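Accompanying notes for the structure given below.
The values are calculated or read from the model by the stated rules, or taken from the named source; none is laboratory data. Owing to the predicted nature of the structure, the values given are computational and were not obtained by experimental measurement. Cβ placement follows ideal geometry from the backbone for every residue including glycine, while neighbour counts extend to all protein chains displayed.
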Amino acid sequence: MIKHIVLWELKEEAKGEKLEDTITLLQGKFKALIGVIDGLTAIELGKNYNGGKFDVALYCEFTSKEAEKGYQGHPEHLKIKAVVQSLVCDRASVDYEI
């Protein structure tokens, strides 16, 4: 099983009064990928309530490294990635296998 974790720092225009709308938008888009991308078994996105640089975390589970690679290049993921890139100013990620 592959775990994929991404942390994002949002641009100022996506924070403040718009933060909850931004989170809701991204949650809906990422949740819609379940059943669309082969090997994607779990996905969740949430707001960081604990302070620090990053505002949002994405957590995904895949059946294999190949499934995670397929997710990265999948057209539906690429559409969401374009939206995310318009909202974030920094990113960190980690992938690991268990």
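If the condition is being farther than 16 Å from Asn48 by Cα and without any contact (Cβ under 8 Å) to a residue 40 or more places away in the chain, then the stretch 17-35 contributes Gly28, Lys31, Ile34, Gly35.
Only one entry in Glu97, Glu12 is surrounded by fewer than 12 Cβ atoms within 10 Å (Cβ to Cβ) and at pLDDT 95 or above, namely Glu97.
In the stretch 49-76, the qualifying residues are those that are assigned to a helix (DSSP H, G or I) and of a type in the set (Gly, Ala, Ser), and the one that is farthest from Glu12 (Cα to Cα) is Ala67. Confirm whether Phe62 is of a type in the set (A, V, I, L, M, F, W, C) and farther than 15 Å from Glu76 by Cα. It is true that Phe62 is of a type in the set (A, V, I, L, M, F, W, C) and farther than 15 Å from Glu76 by Cα. Of the listed requirements (1) surrounded by 12 or more Cβ atoms within 10 Å (Cβ to Cβ); (2) without any contact (Cβ under 8 Å) to a residue 24 or more places away in the chain; (3) among the hydroxyl-bearing types (Ser, Thr, Tyr), Tyr71 misses just one: (2).
Based on this model, can you work out whether Val88 counts as touching a residue at least 60 places away in the same chain (Cβ under 8 Å), touching a strand residue (DSSP E or B) at 6+ places or on another chain (Cβ under 6 Å) and loosely packed, with under 12 Cβ neighbours inside 10 Å? Answer is no for this residue.
Mind listing whichever residues of the stretch 41-67 are buried (at least 17 other Cβ atoms within 10 Å of the Cβ) and over 13 Å from the mean Cα position of the chain (by Cα)? Passing the criteria: Phe62, Ala67.
Among the residues of the stretch 36-48, write down those that are small (Gly, Ala, Ser) and in a loop (DSSP other than H, G, I, E, B). It would help to see each step written out before you state the result.
Taking the stretch 36-48 first, the residues small (Gly, Ala, Ser) are 39, 42, 46.
Of everything in the stretch 36-48, just one residue is small (Gly, Ala, Ser) and in a loop (DSSP other than H, G, I, E, B), namely Gly39.
Summed over the stretch 77-98, residues that are of a type in the set (A, V, I, L, M), farther than 13 Å from Val56 by Cα and assigned to a helix (DSSP H, G or I) total 4. Each residue in the stretch 74-85 was checked for being of a type in the set (A, V, I, L, M), surrounded by 12 or more Cβ atoms within 10 Å (Cβ to Cβ) and without any contact (Cβ under 8 Å) to a residue 60 or more places away in the chain, and 2 pass.
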